[in-house]
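The values are calculated or read from the model by the stated rules, or taken from the named source; none is laboratory data. Note that the structure is predicted; figures quoted are calculated from it, not measured. Cβ coordinates were reconstructed from backbone atoms using ideal geometry, including for glycine residues, and neighbour counts include every protein chain displayed. Note: areas computed on protein heavy atoms with side chains; ligands, DNA, RNA excluded. Shrake-Rupley method; radii C 1.70, N 1.55, O 1.52, S 1.80 Å.
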Amino acid sequence: MADDLFKALADPTRRTILDELTEKSGQTLFEICSRLAMKHQLAISRQGVSQHLAVLEAAGLVETRREGRYKFHDLNTAPLRQITERWHVPDTSGPEKSTS
């Protein structure tokens with residue numbers, strides 16, 4: 001799973017998509033494409049965005065849900081927490097001492 005996660009995060013366009021889903025989760029493909037074009041001047045096809053979303057979904061960073069004929073994309077930050085916990089270094093310095 002970590003390999004998929006690092007691969008997903010390596011691409012700047014995918015990080016931009018995650019930024020947009022952080023700002024507003026539950027977007028459709030059309031909404032994501034519009035935000036990428038308007039806010040970030042990214043000229044990328046719907047198919048290209050869809051492929052990026054598939055990589056993000058395979059890494060567990062994006063979850064999808066269907067409501068009628070619409071497919072919504074939601075951000076899932078759980079995989080990021082797993083990474084930070086994997087290499088978490090406990091603070092062994094103890095309480096800070098006053099120098100007064």
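Points worth noting:
- Taking first residues from segment 6-32 that are under 21 Å from Glu67 (Cα atoms) and partners that are among the small types (Gly, Ala, Ser) and open to solvent by less than 60 Å² (accessible area, probe 1.4 Å), the Cβ contacts under 8 Å between residues at least 6 apart in sequence or on separate chains come to Leu29/Ser50.
- Residue check for His52: in a strand (DSSP E or B), open to solvent by less than 100 Å² (accessible area, probe 1.4 Å) and within 12 Å of Ile17 (Cβ to Cβ): no
- Look at segment 62-85: where a residue is in a strand (DSSP E or B) and a partner is open to solvent by 50 Å² or more (accessible area, probe 1.4 Å) and small (Gly, Ala, Ser), sitting 6+ places away or on another chain with Cβ atoms under 6 Å, you get Asp74/Ser25; Leu75/Ser25.
- The listed residues are Arg81, Arg15, and the only one of them that is in contact with a helix residue (DSSP H, G or I) (Cβ under 7 Å, 6 or more places away or on another chain) and open to solvent by 90 Å² or more (accessible area, probe 1.4 Å) turns out to be Arg15.
- Positions within segment 18-44 being open to solvent by 70 Å² or more (accessible area, probe 1.4 Å), in a loop (DSSP other than H, G, I, E, B) and either of a type in the set (S, T, N, Q) or in contact with a Cys (Cβ under 9 Å, 6 or more places away or on another chain) (or both), in sequence order: Gln41
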